[in-house]
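Engineer: Quick one: structure below, then a few questions.
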Amino acid sequence: MNIPLRAHSLDATHRLAELGLTSELLLDAAAYGESERRTCTLNDPGWLPGMLQWGRTLRRLRELLAPFGWEKCKIDGLEVVLSRDGRVAITVCMGDEATGNADAVPFSKYPKGKAIAKTVVVNNQQRLLGFEAKPANAAGLTRTTWVLLMHTCAAETRCELSIPKSIA
């Protein structure tokens, strides 16, 4: 199975380390979710492969990060894994064909609801105030939510860790 990580460079490695993450950890979670998706057959409901991939990827992220103090959490209805200090949250989302392509801008594969919309607002406020993934500021904004975006096609699964900036 081919699961490349977008922008896997020295800069990306350092940025992941600042977040308490590694590319290997993210790839492990993505591979686990993909393997669960592949257990489905044509007799399963059409929505099940994607749901299994999403849910099992998030579960594996939670399992891998728990020893480092990360906790499973639901923020405004959004399932995430939350860092010990509460400054970083990660959720999982299925992405479009641009996912994992350094020359393209990815979007989620399916429309998102209020929870992701609120996350985008908080992330943008963090960015505007210059407090992205830093301690709390006067406005009380302390958390940046990242998305492990995944795209599966017949030949491969691609993934990237990114901060959603808008809802289209």
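Since every read-out is calculated from the coordinates, none of them should be taken as a lab result. What you see is a predicted model, and the numbers here were worked out from it, not measured in a lab. Note: ideal-geometry Cβ built from the backbone for every residue, glycine included; neighbour counts use all protein chains shown.
Engineer: With only Lys, Arg, Asp and Glu charged, each at its Cβ (+1 for the first two, -1 for the last two), find how big the charge dipole of segment 1-105 is about the Cα centre; round to the nearest 20 debye.
Structural biologist: The calculated dipole for segment 1-105 is roughly 300 debye.
Engineer: Can you pull out the chymotrypsin sites (Phe, Trp or Tyr not before Pro) in segment 28-100 whose DSSP state is coil and whose Cβ has at most 15 other Cβ atoms within 10 Å?
Structural biologist: Passing both the DSSP loop test and the Cβ count: 47.
Engineer: Expressed in nm to one decimal, what extension gain is obtained for the pair residue 35 and residue 18 from 0.36 nm per residue of sequence separation less their Cα-Cα distance?
Structural biologist: Gain in length upon complete extension: 3.3 nm.
Engineer: Over segment 34-79, calculate the relative contact order: mean separation of alpha carbon pairs under 8 Å at least 6 apart, over the residue count, as a percent.
Structural biologist: The value is 28 percent.
Engineer: What list of ³J(HN,Hα) values in whole Hz, one per residue of segment 158-164 in order, does the Karplus curve 6.51 cos²θ - 1.76 cosθ + 1.60 (θ = phi - 60°) give from phi, with Gly and Pro shown as x?
Structural biologist: Computed from phi, the couplings for segment 158-164 are 10, 9, 7, 9, 8, 9, x Hz.
Engineer: Right, next: Compute log10 of I(q)/I(0) for segment 35-114 with the Debye formula, placing one identical point scatterer on every Cα and leaving out solvent, at q = 0.14 Å⁻¹, to two decimals.
Structural biologist: Results for segment 35-114 at q = 0.14 Å⁻¹ read -0.59.
Engineer: Here's a follow-up. Hey, with R₀ at 30 Å, roughly what FRET efficiency would residue 84 and residue 154 work out to, going by the Cβ-Cβ distance, to 0.05?
Structural biologist: Rounded to the nearest 0.05, the efficiency is 0.15.
Engineer: Which trypsin sites (Lys or Arg not before Pro) in segment 20-63 pass both tests, a DSSP loop state and at most 11 other beta-carbon atoms within 10 Å?
Structural biologist: Taking segment 20-63 and a limit of 11 other Cβ atoms within 10 Å, no loop trypsin sites (Lys or Arg not before Pro) are found.
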